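These notes are about the structure you will find just below.
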Amino acid sequence: QKPDVLFVPSHLLPIYPPKTTVVTFHDLGFKHFSELYSPKEIIYHNWGMNYSAKHAKRIITPSEFTKKDLINTYSIDPDKITVIWHGFNKELFKPSDAKKKPYIFFIGRLEEKKNIIGMIKAYEILRKEKSIKHKLILAGKPGFGYENILKEIAKLPKEIREDIVQLGYISEKEYVKYLQEAEIFLFTTLFEGFGMPIVEAFACGTPVVASNITSLPELAQNAALLVDPKNHLKIAAALSKLIHDPGLRKSLILRGRVRSKIFSWETAGKKTLEVIKSANKTG
């Protein structure tokens with residue numbers, strides 16, 4: 001039985017799709033960081049996403065940034081694309097009564113795209129303030145360029161090197177705990193189609209320092225300190241400002257809690273259904 005509408009939430013349509021299809025494009029990371037992909041994967045993604053973009057009746061993206069990236073890359077009619085923000089698990093990600101601890105937290109794959117070396121260099125600058133003893137805690141699996149990350153850490157003075165903690169992969173329960181108890185969440189990555197962790201940090205009542213590029217300014221707006229991810233001095237300055245200014249921390253925590261309330265899986269589901277119904281009507 002042929003479906004009225006085929007919804008594909010992960011960007012690649014079948015070779016012979018039904019007449020009416022809706023597809024979600026999360027990002028075009030392979031276009032911006034081709035070194036993370038094999039030649040075969042590049043060919044596969046290039047052909048597949050171009051094919052899907054042309055044949056889908058409707059397209060969903062999780063951010064205005066990804067929408068613009070798609071339009072610029074594939075010359076798609078903007079009216080064909082609907083932006084629907086992701087939600088998050090509100091039962092898990094919420095403030096804790098536990099006292100904040102002196103560490104700066106990051107979660108994500110430990111790879112070049114996530115700007116781990118940039119964060120480490122900023123942390124080294126931050127630690128030149130002798131009064132600051134915060135640890136830098138990195139959670140996530142090793143990725144492309146991990147060996148360069150290890151080399152960068154190895155070059156640091158012993159007292160700084162020993163305060164960079166690599167947790168590796170952690171469970172969702174552990175992630176929530178680290179996020180709730182962190183004094184600062186650091187997410188100065190180089191490319192994000194959405195950037196879920198900053199929304200989860202907002203919900204947990206943890207102030208955020210994030211990149212001022214790709215989708216992150218759209219999601220964070222005034223609820224985070226946004227900095228140039230390639231400027232290590234500015235990242236360090238933002239971290240220092242948050243550590244020394246309790247009023248700013250409190251303000252960002254409140255703004256983040258308010259901001260997190262607009263991200264909802266229920267809302268995302270309803271809007272997705274609207275797009276599917278609309279595609280079927282025009283099919």
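The values are calculated or read from the model by the stated rules, or taken from the named source; none is laboratory data. The structure presented is a predicted model; accordingly, all values stated were derived computationally and were not measured. Here Cβ is always computed from backbone atoms with ideal geometry, including for glycine, and neighbour counts include all displayed protein chains. Side chains are part of the model used for accessible areas, which takes the heavy atoms of the whole protein and leaves out ligands, DNA and RNA. Shrake-Rupley method; radii C 1.70, N 1.55, O 1.52, S 1.80 Å.
Does Ile42 fit the bill of being more than 30 Å from Lys250 (Cα to Cα), part of a loop (DSSP other than H, G, I, E, B) and modelled with pLDDT under 95? Answer is no for this residue. Could you say whether any residue in the range 126-148 is within 29 Å of Ser264 (Cα to Cα), among the charged types (D, E, K, R) and at pLDDT 95 or above? Taking every residue of the range 126-148 in turn, at least one turns out to be within 29 Å of Ser264 (Cα to Cα), among the charged types (D, E, K, R) and at pLDDT 95 or above. In the range 167-195, which residues are closer than 28 Å to Leu28 by Cα, of a type in the set (S, T, N, Q) and open to solvent by 20 Å² or more (accessible area, probe 1.4 Å)? Within the range 167-195, just Ser171 meets the criteria. Checking each residue in the range 43-69 for being of a type in the set (Phe, Trp, Tyr) and either under 21 Å from Trp85 (Cβ atoms) or in contact with a Cys (Cβ under 6 Å, 6 or more places away or on another chain) (or both) picks out only Phe65.
Of all the criteria given as (1) modelled with pLDDT of 95 or more; (2) outside any loop (DSSP other than H, G, I, E, B), the one not satisfied by Thr73 is (1).
Of all the residues in the range 74-86, those that are under 19 Å from the mean Cα position of the chain (by Cα) and buried (at least 17 other Cβ atoms within 10 Å of the Cβ) number 3.
For the range 237-258, filtered to residues that are among the charged types (D, E, K, R) and under 14 Å from Asn222 (Cα atoms), the residue that is farthest from the chain's Cα centre (by Cα) is Lys250. Number of residues in the range 192-227 that are outside any helix (DSSP H, G or I) and more than 14 Å from Pro62 (Cα to Cα) equals 13.
Which of the residues spanning the range 99-125 are assigned to a strand (DSSP E or B) and in contact (Cβ under 8 Å) with a residue 60 or more places away in the chain? Of everything in the range 99-125, those that are assigned to a strand (DSSP E or B) and in contact (Cβ under 8 Å) with a residue 60 or more places away in the chain turn out to be Lys101, Pro102, Tyr103, Ile104, Phe105, Phe106, Ile107. When Glu266, Glu218 are checked against the criterion of being surrounded by 15 or more Cβ atoms within 10 Å (Cβ to Cβ) and among the acidic types (Asp, Glu), a single residue qualifies: Glu218.
Exactly one residue out of Glu112, Glu152 is farther than 22 Å from Leu242 by Cα, under 17 Å from the mean Cα position of the chain (by Cα) and of a type in the set (Asp, Glu), and it is Glu112.
Between Phe202, Phe194, Phe185, the distinction of being more than 19 Å from Leu254 (Cα to Cα), of a type outside the set (Gly, Ala, Ser) and under 17 Å from the mean Cα position of the chain (by Cα) belongs to Phe194 only. Residue check: Lys128 meets all listed conditions (1) among the charged types (D, E, K, R); (2) surrounded by fewer than 16 Cβ atoms within 10 Å (Cβ to Cβ); (3) assigned to a helix (DSSP H, G or I); (4) in contact with a helix residue (DSSP H, G or I) (Cβ under 9 Å, 6 or more places away or on another chain) but one, namely (3). Only residues that are within 21 Å of Phe7 (Cβ to Cβ), loosely packed, with under 14 Cβ neighbours inside 10 Å and either in contact (Cβ under 8 Å) with a residue 24 or more places away in the chain or in contact with a strand residue (DSSP E or B) (Cβ under 8 Å, 6 or more places away or on another chain) (or both) were counted in the range 35-73, giving 1. Scanning the range 11-22 for any residue that is surrounded by fewer than 19 Cβ atoms within 10 Å (Cβ to Cβ), in contact with a His (Cβ under 9 Å, 6 or more places away or on another chain) and among the aromatic types (Phe, Trp, Tyr) turns up nothing.
Only a single item in (1) open to solvent by 20 Å² or more (accessible area, probe 1.4 Å); (2) more than 20 Å from the chain's Cα centre (by Cα) is not met by Ile160, and it is number (1).
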